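This report concerns only the one structure given below.
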Amino acid sequence: MFDLEDFRADTRAWLEENCPASMREPAREDADRCWGGRNPQFKSEDQRLWMERMAERGWTAPEWPTEYGGGGLSKEQAKILREEMGRIHARSPLDSFGIWMIGPALLKYGSEALKKQHLPPIVRGEIRWCQGYSEPGAGSDLAGLQTRAIDHGDHYIVNGQKIWTSYANKADWCFCLVRTDPDAKKQLGISLVLFDMATPGVETRPIKLISGASPFCETFLTDVRVEKSQLVGEENKGWTYAKYLLTHEREMISGMGRTASGDKALWELVADAAGMDADGKLDDPMLRTDVARWDLDAMAFALTSERINAEAKAGQGVGAASAMLKYYGTELNKRRYELAIAAEGADAMVWEGQAHKGGALPRAWLRTKANSIEGGTTEVQLNIISKNILGLG
Amino acid sequence: MVNLVLDDDARMLKDSAERFMADKLPVKELRRVRDAEDADGFSRDAWAEMAAMGFAGALIPEEFGGAGMGHVAMGLVMEAAGRNLSPSPLFATAVLGVSAVTLAGSEAQKADILPRVAEGKLLLALAVDEFRRHRPSQVDTEATPAGDGYTLRGAKLNVADGHVADRIVVSAKTPDGAVGLFLVESGAAGLEVERTVMVDSRNAAILRFEGTPAVALGDVGAGAGALAQVLDIGAAHLSAELLGLSLEAFERTVAYINERKQFGVIIGTFQSLQHRAAHLFAEIELVKSAVLAALSALDEGSERTPLLVSLAKAKAAQVADLATNEGIQMHGGVGMTDEYDIGLYMKRARPAAQMLGDERFHTDRFATLRGY
């Protein structure tokens, strides 16, 4: 207990000293987020410093073992770090599919050589990763993927096409699901492999979305050579690792239903737009009712995330809870943005122009529509709850 | 932050409360008292056993003969009662009455009343509502000083267990316009009690006061503050009951669709039913968290208690409506029969949701407390 209090005091002092003032406010746009990589794009010197200082301590991946460059913190210490960062509204120093997704999978399933090769550069923000999962014919039915890896002794030759690969055009490495046994039942013939995006035969093409942005790509793989040393775990066991990664992804996406620290509450945004009446109530009774119903659900949802995390730590966890959190969190986020644009009215329909931050709100609203599609659709989450929790069908 | 995980003691209590309610006060006990047109509307023998289990005195401080278990613990008993639709004085006496006497009563009144409640020998009721929808600010009942006490004039409705209570706590307005709490004895002069059997086969009463003698419960000036806390406590425990009711209605419905066959297959294999069931599962998970947060906040004396109580009641009421509506729809025709229990769950869900403020009342209050 005493040690944790010391840790808190030290952490607070270190953050005071090392977190630049401009990194103590929420990210407002994509460029405010730091993704690292071989060709990192820093919006400011502060952003670079903040990432490097945190990476130096391993605090970009606080709970990873120090031998792989991580912070080596206990769960309690990591919680204190989060709390202390939240206290000063410190921004995430590094956003990374390496930290969120492939890193945890390597820690659980990867060989010692793969961990040593890949984890330290992830912590330092030197290598940016992308996820080669979905294919044009394999969306919700992910296990139906067709990208083929043919065994050539010490390496595979991979051919196929991936889609919805987030930031593939900016990524350095890819963790990719491929079919290594076309004759096995579809879940049993899949492997998880890693390759450098600079390998000959890898091509990416950004997809323009309804929001106007292009965060996703099509990725074409033509005779791509992948060394056997870059196979994660065992051949044909990839579906197990993929499911583990999907659970992580669901947990990450469900977090979108929560309001980030430092962000205005929805009702404050609505109050700015709609005004308050003489009694101090939102000056539109129907909007007030809708906001209140959302607000109730959002608060109950935040308590539920907290409760499920606490129960998991106390060993009382319910499996498949991440499907419930993903389902509810993403639907909440969509409702949040529907209410935000309703409150802003015509202002929220402005697509370009300085007065409206280049249409930031309608673009963000449109982006939320993907929340209930990516990482397993709402319908897939409901299937998982029905089958794995309720025992139906 | 409020505690959201049950410790081992709480889990043991939950098990024993669930076993007790399932053994002694299951749904068929509700059917029995309903069909027998029981004068009390509950079994006094079962209440004596509940007192022996410590449930009657769960919220009574140990110095007054209770178990002093706190709100999270009592909420588990209410949840178990909700699962089994158990008819008993648990809510009116052990939650509302006890809280009013504990928070507002003088030391002498507490010493007089609480030990007997804990022993199961004295029943209480709280008379607040004067309008058909919960509107606690509307108090037209008048308390006029008379000798050492007061006389009451006015009427209250929807008083749970008002027909059997030995002591009734009544909110009334004093000549200076302040709202205080007053204690009336059953059988007092000028007290007319009209029992109303409700849709859930439980009892509420209309009470008419025609110059009824009463004494102040503690200090009259502190009554309004105490009443506000009592109403929060009551709403939190009704939320716990609604949680138990929703869980049981949901589990019975899932079990039913997992055995009922149509078109040669189990209807639970239909995605249209699966997705509705999965959505309901998620909503009930939210209710669990909100109820636990409200009860924990009460135990901790958190300043966020009113907000969390309104969150819990609004959400529990909304989801109990959904769980029972879906329950009947998914049971199909048999859900409309008196023989199946699912209809009884719907018939308890509505009055429990309305009592002390429905979803709309608490959503409005939540918004106001949030600052909009």
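The values are calculated or read from the model by the stated rules, or taken from the named source; none is laboratory data. Values in this document were obtained by computation on a predicted structure and should not be read as measured data. FYI the Cβ positions are ideal-geometry reconstructions off the backbone, even for glycines, and counts take in every protein chain you see. SASA here: full protein model, heavy atoms, side chains in, ligands and nucleic acids out. Shrake-Rupley method; radii C 1.70, N 1.55, O 1.52, S 1.80 Å.
Remarks
- With eigenvalues of the C-alpha gyration tensor scaled by 5 and rooted, region A:12-72, Å: 21, 16, 10
- A:SER74 accessible area, assembled protein chains, probe 1.4 Å, Å²: 40 Å²
- Farthest toward positive dipole pole in the protein assembly as shown [+1 Lys/Arg, -1 Asp/Glu at C-beta], among B:ALA73, B:THR269, A:VAL202: A:VAL202
- Near B:THR253: Cβ cut-off under 13 Å, other residues only, Lys/Arg at +1 and Asp/Glu at -1. The net charge is -2.
- Split chain B at each of the GluC sites (Glu not before Pro) in a DSSP loop with at most 13 other beta carbon atoms within 10 Å, and the longest piece is B:38-258.
- For A:THR378, neighbours were defined as the other residues whose beta-carbon sits under 14 Å from its Cβ, and their charges (Lys and Arg +1, Asp and Glu -1) total +3.
- Computed from point charges on the beta carbon alone (+1 for Lys and Arg, -1 for Asp and Glu), the dipole magnitude for region B:150-284 about its Cα centre is near 420 Debye.
- Globularity ratio of region A:166-306, using Cα Rg and 2.2 N^0.38 Å: 1.59
- Only lysines eight or more places from B:LYS261 in sequence, or on another chain, were considered; those with a Cα closer than 29 Å are A:LYS387, B:LYS28, B:LYS347.
- Counting Lys and Arg as +1 and Asp and Glu as -1 over every other residue whose Cβ lies under 11 Å from the Cβ of A:ARG335, the net charge comes to -2.
- Extension gain for B:GLN138-B:LYS28 works out to 35.8 nm (0.36 nm per residue, less the C-alpha to C-alpha distance).
- Residues in region A:111-135 reached by a label modelled at A:ASN39 [backbone nitrogen below 14 Å; 7 Å Cα→Cβ]: A:128
- Computed extension gain for A:GLN187 through A:LYS108, at 0.36 nm per residue and net of the alpha carbon distance, reaches 26.5 nm.
- A:ARG38 accessible area, assembled protein chains, probe 1.4 Å, Å²: 110 Å²
- Positive-end ranking of A:ILE384, A:TRP365, A:ALA343 along the dipole of region A:242-389, with charges on Cβ about the Cα centre, is headed by A:ILE384.
- Surface/4 of the Cα convex hull for the protein assembly as shown, nm²: 37.2 nm²
- A 1.4 Å probe over all protein chains sorts B:ARG116, A:ARG288 by accessible area into B:ARG116, A:ARG288, starting with the largest.
- Of the residues A:SER22, B:VAL95, A:MET252, the one whose Cα sits farthest toward the positive end of the charge dipole of the protein assembly as shown, with +1 on the Cβ of Lys and Arg and -1 on the Cβ of Asp and Glu, is A:MET252.
- Per-residue SASA remark: A:TYR156, around 0 Å² accessible (1.4 Å probe; ligands, DNA and RNA not included).
- Two-site label geometry, A:ARG8 and B:GLU192: point separation in nm, points 7 Å out along Cα→Cβ: 6.2 nm
- Reference-scaled alpha-carbon Rg (2.2 N^0.38 Å with N residues) for region B:38-80: 1.25
- Treating each Cα of chain A as one equal point scatterer and applying the Debye formula with no solvent, the log10 of I(q)/I(0) at q = 0.09 Å⁻¹ comes out as -0.60.
- Reachable aspartates and glutamates from A:LYS264, criterion Cα separation under 14 angstrom, eight or more residues apart if same chain: A:GLU25, A:ASP272, A:ASP295
- Note on A:LYS387 and B:ALA224: with the Förster distance fixed at 45 Å, the Cβ-Cβ geometry gives a FRET efficiency of about 0.30.
- Contact-buried residues of region B:292-334, at a threshold of 50 Å² lost accessible area versus the chain by itself: B:LEU311 (1.4 Å probe; DNA, RNA and ligands ignored).
- The simple spin-label model puts a point 7 Å past each Cα toward its Cβ; for A:LYS228 and B:PHE270 those points are separated by 5.3 nm.
- Cα-centre dipole for chain A with unit charges at Cβ (Lys and Arg positive, Asp and Glu negative), debye to 20: 700 debye
- Within region A:242-389: Cβ-based charge dipole about Cα centre, in debye rounded to nearest 20 (Lys, Arg +1; Asp, Glu -1): 720 debye
- Loop-located GluC sites (Glu not before Pro) in region A:324-374 whose Cβ has at most 10 other Cβ within 10 Å (DSSP): A:GLU352
- Candidate lysines - alpha carbon under 18 Å from B:LYS121, same-chain residues fewer than 8 apart omitted: B:LYS110
- Rg over Rh, two decimals, chain B (C-alpha only, Kirkwood Rh): 0.98
- Chain-alone versus full-assembly comparison, region B:341-372, residues with accessible loss of at least 50 Å² (1.4 Å probe): B:THR363, B:PHE366, B:ARG370, B:TYR372
- Cα-based radius of gyration of region B:125-221 once divided by 2.2 N^0.38 Å, which approximates compact folds: 1.00
- Stretching the chain fully between A:ASP141 and A:HIS89 yields a gain of 14.8 nm (0.36 nm per residue, less the alpha carbon separation).
- Long pairs among A:LYS186/A:LYS228; A:LYS162/A:LYS237; A:LYS186/A:LYS334; A:LYS79/A:LYS357; A:LYS115/A:LYS208, criterion Cα-Cα beyond 28 Å: A:LYS186/A:LYS334; A:LYS79/A:LYS357; A:LYS115/A:LYS208
- Residues B:THR196, B:THR269, B:THR305 ordered from highest to lowest accessible area at a 1.4 Å probe: B:THR269, B:THR196, B:THR305.
- Three semi-axes of the equivalent ellipsoid, region A:2-123, Cα gyration tensor, whole Å, largest first: 23, 20, 11
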